[in-house]
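Below is one structure, written out as structure tokens, with a few remarks after it.
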Amino acid sequence: MQEQQPKTSLPENAYRELREGEEYQPVMGAKESPVEVTPYSVSIGILMAVLFSAAAAYLGLKVGQVFEAAIPIAIIAVGLGQVLGKKNMLGQNVIIQSIGASSGVIVAGAIFTLPALYILGLDAQFYQVFLSSLLGGILGIVLLVPFRKYFVKEMHGKYPFPEATATTEVLVSGEKGGSGAKILVTAGLIGGLYDFIVSTFGAWVSSLSTSMWAWGKCLAANYKLTFGLNTSAAVLGLGYIIGLKYALIITAGSALVWFFIVPLVGSLEAAVNASSMVELLGITNANIIENPSLLFAPENLYTYIGRPIGIGGIAMAGLIGIIRQAGIIKSALVLAKNEFGGKKVAADEPRTGQDISMKVILTILIAALVATLFFFQFGVLGNWTQTIVALAIVFVIAFLFTTVAANAIAIVGSNPVSGMTLMTLILSSLVLVSIGLEGTSGMIAALVIGGVVCTALSMAGGFITDLKIGYWLGTTPKKQQTWKFVGTFVSAATVAGVMIIMNETYGFTAEAAEALGNKEPLIAPQANAMAAVIQPLMMGGVTPWLLYGIGAGLILVLTLIGVPALPFALGMFIPMHLNAPLVVGGIVAWAVNRHKDAEKAKANNNRGTLIASGFIAGGALMGVVSAILAFAGVDWMMTDWADSMGAVYLGIVAYVALIAYFIWHARRAKIGE
């Protein structure tokens, strides 16, 4: 069959809900035979997985931020293909991106949990980190595949898929060239340089806060009121794609915590004994224990009261999502049962609708669970009863929360795996303690279990992005799914090696860092949170059940009155300064689309999507550059200026100028462009 030339433009119904009887036709049609899996695409994808796993692990452990790998990998894939003079690379570039993007999700799953082993003074072997990441990644893939059609096809146009949108625009614009590519590249350069100047030189502040002014400090001290706004170009672009509706719901969750719960609890400062409250909450932070009044700083009230409420909210939102999607889960199970029983479950699927068969999926799932069973028994626990219980915990939580993780990525582009993993650690610890496993061995077991679950949920959330990109562009899902296992294996091996090297080079605790001759240990904030939660559970201590319950009850009430549960709960958990700019991006989207002529409004929105995607792509790519510079020990920060009020006012001017440019450039679009 002769290969056909693919289209190089997304259909106009790519991002909206389909009308009655309307079907979405991808860029590469179902009857075409695009080149996808080649020695070139596989080898470059594996190389990207190794490089980005190492870079993401370093940055995540050093500064606590894991950048999204999908977008910069897509940029590199497009650029490399153009440099080498390759044609019709769309299918191959999707495979490169899909294999390489395993890096970010595997790294997030590993570094959010497993460094806690070192923090608690325990040991972690290479095989423990590797197998936790590998088995969790495999579980995430196989548990998500049965839900692919629901998320990418049945919910078409109902979810914004911000990261998938940006990556798709990069791939299409790279293939198409012309004015779209120029807009994307220009926006990428502007957004990337904007974020790079901030993070590398400190020319202006990266985040505005009311506490930067005397009146704001007064509000924080007396009323526990504070407001923050991240001024990153990448987050602004993310807000544009998410849209004003979801941005307002997410930020409403933050507003509830920061403008109501934190001030309400803070108002009790004079009426309660701070030491008793620190003890009641089970806080282990040495500075707060030494000086309990520090608890009443707004940021600490958020960390120790607001965020646990958010965790309870996410758990309840997840349970509500599971109940609401019970029909989808049931249909996936029926499909598996029918296929395993030898029944033909579907007529000839078009190429763009072909998944790995349910028989193969179930076979891999069973093999992964058996491997996990032996890993837990001979590599962690050594007790068959405890091993079987641990395996049950992993499977049930990973299976149930797979759709929650995918939902979160589809809505806001960020996966709340740390919140769901905290709940996993709490539940698994309670169960393990009830069957006699506690102390040091209990902490190791719970953290390894948490590592497997965290990686599974991280993979499920990240992989739905790849599959949505494939759906928009028309790649073969079966090929994406098959080669994702390769990216998972390579990324798991890389992150295990990097984590051990980082521990032996820098150290995760003050004592370890001092012994290695370093001034400060690696920050690993998520792993420190996991360690703080698990230690009292396994060694005897306080767990804030009341706060979890308040969050769960709140989300239940909001659901009953029609407020979308998951985005609101995400807003409670994610800091205000990262949510507020989503509203700014949503307002930009509203301003761009506000036009009497529907065709002109549509053209403006298309150009705005390209600009937003460029901002996200530029910011993500500069994140990689920053990681490389940090690894090389480069320090170009203008510290004195960055800490001055001049940098604050320049930051306001720069942010307003960036917004004005965005709106002005997007509204210059021409109909039919």
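The values are calculated or read from the model by the stated rules, or taken from the named source; none is laboratory data. Bear in mind that the values here come from a model prediction, so they are computed numbers and not experimental data. Methodologically, a virtual Cβ is constructed for each residue, glycine included, from the backbone with ideal geometry; neighbour enumeration extends over all protein chains shown.
Overview of values
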{"item": "Gly623 vs. criteria touching a Pro at 6+ places or on another chain (Cβ under 9 Å) and at pLDDT below 75", "result": "yes"}
{"item": "Checking Ile119 against (1) farther than 24 Å from Leu467 by Cα; (2) modelled with pLDDT of 90 or more, the condition it does not meet", "result": "(2)"}
{"item": "Residue pairs meeting the criteria (Cβ under 6 Å; at least 6 apart or on separate chains; first at pLDDT below 90 and assigned to a loop (DSSP other than H, G, I, E, B), in the stretch 282-307; second among the hydrophobic types (A, V, I, L, M, F, W, C) and surrounded by 15 or more Cβ atoms within 10 Å (Cβ to Cβ))", "result": "Thr284/Ala532"}
{"item": "Residues located in the stretch 116-151, provided they are of a type in the set (Ser, Thr, Tyr), within 30 Å of Asn407 (Cα to Cα) and surrounded by fewer than 21 Cβ atoms within 10 Å (Cβ to Cβ)", "result": "Tyr150"}
{"item": "Some residue of the stretch 160-169 being of a type in the set (D, E, K, R) and under 23 Å from Gly239 (Cβ atoms)", "result": "yes"}
{"item": "The stretch 217-253, residues that are among the polar types (S, T, N, Q) and either closer than 23 Å to Gly192 by Cβ or not in a helix (DSSP H, G or I) (or both)", "result": "Thr226, Asn230, Thr231, Ser232"}
{"item": "From Val656, Val588, residue being farther than 21 Å from Ala410 by Cα and of a type in the set (Val, Ile, Thr)", "result": "Val656"}
{"item": "Ala203 over 30 Å from Ala297 (Cβ atoms) and either in a helix (DSSP H, G or I) or at pLDDT 85 or above (or both)", "result": "no"}
{"item": "Some residue of the stretch 260-280 being acidic (Asp, Glu) and under 25 Å from Ala531 (Cα atoms)", "result": "yes"}
{"item": "Qualifying residue in the stretch 293-314 (condition: closer than 15 Å to Thr402 by Cβ and out of contact with any Ser or Thr (no Cβ under 9 Å at 6 or more places or on another chain))", "result": "yes"}
{"item": "Long-range neighbours under 8 Å by Cβ, at least six apart or interchain, first residue under 29 Å from Thr505 (Cβ atoms) within the stretch 630-655, second of a type outside the set (Val, Ile, Thr) and part of a loop (DSSP other than H, G, I, E, B)", "result": "Met637/Gly202; Met638/Gly202; Met638/Ala203; Thr639/Gly202; Ala642/Gly202; Ala642/Ala203"}
{"item": "Residue that is nearest to Gly192 (Cα to Cα) [pool: residues in the stretch 633-657 that are assigned to a loop (DSSP other than H, G, I, E, B) and of a type in the set (Asp, Glu)]", "result": "Asp635"}
{"item": "Only listed residue being closer than 20 Å to Leu400 by Cα, part of a helix (DSSP H, G or I) and not small (Gly, Ala, Ser), chosen from Val433, Val453", "result": "Val453"}
{"item": "Any hit, the stretch 357-367, residues being under 15 Å from Ile444 (Cβ atoms) and surrounded by fewer than 16 Cβ atoms within 10 Å (Cβ to Cβ)", "result": "no"}
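Conditions tested, residue by residue: (1) touching an Asp or Glu at 6+ places or on another chain (Cβ under 7 Å); (2) surrounded by 14 or more Cβ atoms within 10 Å (Cβ to Cβ).
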| site | (1), (2) |
| --- | --- |
| Ser276 | no, no |
| Thr284 | no, yes |
| Ser293 | no, no |
| Phe296 | yes, yes |
| Asn300 | no, yes |
| Ile311 | no, yes |
| Ala326 | no, no |
